Amino acid sequence: MSEQPAPASSTPRQQLDAAAADAVRAYAARTRANADRLAGVLEDIAANGLPAVEDCTPWEELREAHRARLAVQRAAVA
């Protein structure tokens, strides 16, 4: 993806209100930060190899931690 705006088309685009535009920009910033973090991890693996198994967290633990975070979010919304 590029930070360049989309090319102009012949049909007018619907403008967002200020709050919606700010929300889209915030989402883009979070997405970009996550992509940068992932790229850093991949570059580290490329430079240094895979980490030792003892230094890694099993995926089951990661899954359960994520499920717990989702449960807290759902409870907060309800």
Handout entry: residue 8 vs. criteria over 17 Å from the mean Cα position of the chain (by Cα), exposed (fewer than 10 other Cβ atoms within 10 Å of the Cβ) and either modelled with pLDDT under 95 or not in a loop (DSSP other than H, G, I, E, B) (or both)
Key = yes
Problem - Lone unmet requirement of (1) more than 21 Å from the chain's Cα centre (by Cα); (2) among the hydrophobic types (A, V, I, L, M, F, W, C); (3) open to solvent by less than 80 Å² (accessible area, probe 1.4 Å) for residue 35 - result: (1)
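The values are calculated or read from the model by the stated rules, or taken from the named source; none is laboratory data. For clarity, every value in this text was computed on a predicted model and none was experimentally measured. Positions of Cβ are backbone-derived with ideal geometry, glycine not excepted, and every protein chain shown enters the neighbour counts. All accessible areas refer to the heavy atoms of the entire protein, side chains included, with ligands and DNA or RNA removed. Shrake-Rupley method; radii C 1.70, N 1.55, O 1.52, S 1.80 Å.
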